[in-house]
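Report on the structure given below.
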Ligand code: HEM
């Protein structure tokens, strides 16, 4: 979220606004992460 690079090392395009989103504080990013983890997995999820 801060460098615009996925765990597999792929650089995200400018269409994912990571430069702005990456300015969130650690607590804000943690809140986003906790929310996402609290959601049920989609049937179409690949991981
Ligand atoms: C807190 C909000 C957001 C989170 C946590 C988030 C997270 C992510 C992640 C993890 C990826 C990489 C997926 C992967 O290939 O592994 C991604 C890609 C992407 N996101 Fe977001 N995103 C957010 C908001 C947004 C917004 C607001 C937009 C557009 C207005 C956006 C547009 C995109 C696009 C277009 C990609 C694909 C970029 C590429 O493949 O180069 N995202 N996002």
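Read the figures in this text as sums done on the coordinates, not as results from a lab. Quick caveat: nothing in here was measured; it's all calculated off a predicted structure. With ideal geometry, Cβ positions are generated from the backbone for all residues, glycine too; neighbour counts draw on all protein chains shown.
Some values worked out for this structure:
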| quantity | calculated |
| --- | --- |
| Value of [θ]222 nm, deg cm²/dmol, for the chain, DSSP H segments ≥ 4, -39500 (n - 2.57) each, nearest 500 | -10000 deg cm²/dmol |
| Coarse-grained scattering of the chain at q = 0.19, 0.25, 0.31, 0.32 Å⁻¹, given as base-10 log I(q)/I(0) from a Debye sum over alpha-carbon atoms | -0.79, -1.05, -1.05, -1.05 |
| Ranked list, fewest to most other Cβ atoms within 10 Å of each Cβ, for 33, 18 | 33, 18 |
